[in-house]
Amino acid sequence: MKKNSIYVEIPIHAEMEDLWEASQNPGLHEQWDLRFSSISYQPKEREDDPQEFTYRTNIGLGLSVEGWGRSKGTHDGKDGSRTSSLHFGTGQKISIIREGKGYWKYIPKADKDMTFLTQYDYQTRFGTLGAWVDRLFFRPMIGWATALSFDVLKRWLEKGMTPKSQYLQFFAYWILSFFFSFIWIYHGLIPKVLYKHPEEIALAESLLPLSVSANFVVFWMGIAEILFGLSWWVIKRRRRLYYLQVLAFPFLTASAIMADPSTLTHPFSPLTYNSSLFLLSVLGLAVSRDVPTAKNCKRKKKESA
C-alpha cells in the first residue's frame with residue numbers, strides 16, 4: 001500500500017537560536033507540540049553522542065503511549081540552515097507506530113525570517129489492518145496535529161502567546177462550534193421537522209395570520225435551523241455566525257415571550273435558555289479571533305526542494 005510521508009512547513013519570524021531552543025529544549029518542546037505530553041532527555045557520556053530521550057503521549061481514559069527517541073545529529077548548511085535528524089519508536093503494542101525516522105530543518109531567510117519544516121515517516125503494526133487504519137485515520141490526524149503544533153509555535157515566538165493559552169482558545173472555539181451546530185440541528189430536526197411539537201405549532205399560530213399554515217411555517221423554520229447548524233462546518237469565518245446569534249437570540253426570546261408570556265413560568269423558560277446561548281455566543285466571539293490553525297502550514301513538499 002502506497003503511503004506518503006508527513007511533511008509540514010511554516011514561515012516563522014524569529015531568531016534562529018530562539019527557534020532552535022524552543023524546539024530542541026524538551027521543557028519547551030513539550031509545551032507546544034500536541035503529539036507529546038512529556039519529553040525527557042537522557043544523559044550523554046560524550047558531547048558528540050546522539051541525544052537519546054523518552055517521550056509519553058496521553059491518549060485519554062488513563063492510557064498513554066511511551067516511546068524512545070534518538071537525535072542522530074545536527075549540522076549547519078552552507079546557507080546557514082540547520083538540520084536535526086530523528087529516529088523514534090515504541091515497543092508498546094497499543095501504538096500503531098512501530099518505528100520511524102525524520103528530520104527538522106531550520107532555514108534562515110532575510111531579516112530574522114525562518115522557514116521551519118519537518119518530514120517524517122514510520123512503520124506500522126497490525127499488518128494490513130494497521131496500514132489501512134493509518135492511511136484513513138491516524139496519518140491524517142498526526143499530520144494535522146503536527147501542523148497545528150507548528151502554528152502554535154509560530155504564534156508563541158512571534159506574538160508571545162503561550163501554547164497553553166492557545167490550546168485553551170482552540171479547544172474552546174471548536175467545542176462551542178460543535179455545541180451550536182448540535183443545538184440548531186437538534187431543535188430544527190426533532191421538535192419542528194420530525195415531530196411538529198404542539199408548543200411549536202401553538203407558538204407559530206399566535207404570531208401568524210389565520211390565513212398562513214402554522215405547520216408549513218414550523219416545518220420550514222426547522223429546515224432553516226438545520227441548514228444554519230450545518231453551516232458551522234462549511235463557513236470558514238464563524239465569527240459572522242456568532243454575530244448573527246448575538247443579534248438573533250434577544251429577538252427570539254422577545255418573540256417567544258410575546259407569543260406566550262406563560263413560558264416565563266416553564267422549567268425551561270426561553271428567557272433563561274436563550275440568555276445562556278446569548279452569553280455563549282458572546283464568549284464564542286471572544287475566542288474566535290485569531291485561532292491557531294493547521295491551515296497556515298504547507299503540507300506538500302515542492303518537487304524542486
Practice prompt. Count, please, the residues in segment 237-278 that happen to be open to solvent by 60 Å² or more (accessible area, probe 1.4 Å), among the polar types (S, T, N, Q) and more than 34 Å from the chain's Cα centre (by Cα).
Written response: 1
Worksheet item: From the list LEU168, LEU194, which one is over 30 Å from GLU15 (Cα atoms) and either more than 14 Å from the chain's Cα centre (by Cα) or not acidic (Asp, Glu) (or both)?
Response: LEU194
Fill in: Hits in segment 1-38 (condition: closer than 17 Å to LYS105 by Cα, touching a helix residue (DSSP H, G or I) at 6+ places or on another chain (Cβ under 7 Å), open to solvent by less than 80 Å² (accessible area, probe 1.4 Å) and part of a helix (DSSP H, G or I))
LEU19, ALA22, SER23, HIS29
Item to complete: Just name the residue that is nearest to the chain's Cα centre (by Cα) out of those in segment 42-73 that are open to solvent by 40 Å² or more (accessible area, probe 1.4 Å) and of a type in the set (A, V, I, L, M, F, W, C).
Response: ILE59
Worksheet item: Out of all the residues in segment 102-124, is one or more exposed (fewer than 15 other Cβ atoms within 10 Å of the Cβ) and of a type in the set (A, V, I, L, M, F, W, C)?
Response: yes
Worksheet entry | Failed criterion for VAL234 (all others in (1) assigned to a loop (DSSP other than H, G, I, E, B); (2) open to solvent by less than 80 Å² (accessible area, probe 1.4 Å) hold) | (2)
Practice prompt. For segment 166-201, name all the residues that are in a helix (DSSP H, G or I) and hydroxyl-bearing (Ser, Thr, Tyr).
Written response: TYR167, TYR173, SER177, SER181, TYR186
Worksheet item: Mind checking which residues of segment 77-101 are small (Gly, Ala, Ser) and open to solvent by 60 Å² or more (accessible area, probe 1.4 Å)?
Response: GLY91
Worksheet item: List, please: which pairs have Cβ atoms under 6 Å, are six or more places apart or on different chains, and start with a residue in segment 259-285 that is touching a residue at least 60 places away in the same chain (Cβ under 8 Å) and end with one that is open to solvent by less than 20 Å² (accessible area, probe 1.4 Å) and assigned to a helix (DSSP H, G or I)?
Response: LEU277/PHE249; SER281/TYR242; SER281/GLN245; GLY284/LEU176; GLY284/TYR242
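The values are calculated or read from the model by the stated rules, or taken from the named source; none is laboratory data. Remember, it's a predicted structure, so these values are computed and weren't measured experimentally. All Cβ positions, even for glycine, are placed from backbone atoms using ideal geometry, and neighbour counts span all protein chains on display. Quick note on the areas: whole protein, heavy atoms, side chains included, nothing else; ligands and nucleic acids left out. Shrake-Rupley method; radii C 1.70, N 1.55, O 1.52, S 1.80 Å.
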